[in-house]
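Quick notes on the structure that follows.
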Amino acid sequence: MEAIIRRTDDKEFAESIIRQNMSGYYKQLDMHWDTDLFDKQWGVLDSYELVMNASRVGLLCLNHDANAYYIRELQIDQNWQRQGLGATAIRYTMDIAQQAGIRLIRLRVFSINPAIALYERMGFRVCKTEEGIHYMERSIL
């Protein structure tokens with residue numbers, strides 16, 4: 001069964017899944033959630049929910065400039081991880097970027113996050129690492 005990806009403006013759902021998935025990294029890296037920053041960034045993102053069996057199981061937040069599309073959030077509910085939903089969301093992003101004539105996708109990920117393996121399988125490469133964050137990108141042919 002394929003995930004449905006549709007626009008969302010449900011900030012509460014977005015904040016909930018991000019905090020649920022990222023809390024372990026925040027704790028490990030001695031970081032704290034910044035609600036004001038989240039509120040500010042939420043307003044400028046194109047946000048999508050991933051739906052399986054009528055349940056919201058993921059979040060994809062994007063923005064772009066003239067050079068690249070940026071995956072700002074890719075969160076999959078922990079019960080649905082490792083089932084291809086992250087790859088589906090990345091392919092969706094690639095399709096949107098291609099339709100816009102943009103040939104580059106970029107993202108940031110904590111260097112301790114196992115999702116790096118997914119990104120590498122999807123063709124992303126690490127361009128630089130600063131303060132425990134990998135900056136990754138891939139071209140779209």
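Here are the numbers:
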item: Sum of side-chain charges, R121 neighbourhood, beta-carbon under 13 Å (Lys, Arg +1; Asp, Glu -1); result: +3
item: Rounded to the nearest 20 debye, dipole of region 4-107 from Cβ charges on Lys, Arg, Asp, Glu; result: 400 debye
item: Rounded to whole Hz, the Karplus (6.51, -1.76, 1.60) HN-Hα couplings of region 62-73, x for glycine and proline; result: 10, 8, 7, 10, 5, 9, 7, 9, 10, 7, 8, 9
item: In order through region 118-130: 3J(HN,Hα) via Karplus (6.51 cos²θ - 1.76 cosθ + 1.60), integer Hz, x for Gly, Pro; result: 4, 4, 5, 4, 8, x, 7, 10, 6, 8, 6, 10, 9
item: Estimated vicinal HN-Hα couplings, Hz - region 24-30 in sequence order (Karplus 6.51, -1.76, 1.60; Gly, Pro = x); result: x, 5, 4, 5, 4, 9, 6
item: Environment charge of R7, counting only residues whose C-beta is closer than 12 Å and scoring Lys/Arg +1, Asp/Glu -1; result: -3
item: GluC sites (Glu not before Pro) within region 79-135: DSSP coil, no more than 11 neighbouring Cβ in 10 Å; result: E131
item: Rounded Å value of the spacing that divides the Cα centres of region 71-141 and region 1-50; result: 15 Å
item: Percent RCO, i.e. relative contact order, over the chain, from Cα pairs under 8 Å lying at least 6 residues apart; result: 19 percent
item: For L104, distant residues with modelled amide H under 5 Å away; result: Y69, I140
item: Under 5 Å, built H, 5+ apart or other chain: amide partners of R56; result: none
item: Eligible lysines near K40 by straight Cα distance, threshold 17 Å, same-chain separation 8 or greater; result: K11
item: The chain - mean residue ellipticity at 222 nm from DSSP helices (-39,500 (n - 2.57) per run, n ≥ 4, rounded to 500); result: -10500 deg cm²/dmol
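Every read-out reported here was derived from the displayed coordinates using simple, explicitly stated rules and does not represent laboratory data. As the structure is a computational prediction, the values presented were derived from the model and not from experiment. Backbone-built Cβ (ideal geometry, glycine too); neighbour counts: all protein chains shown.
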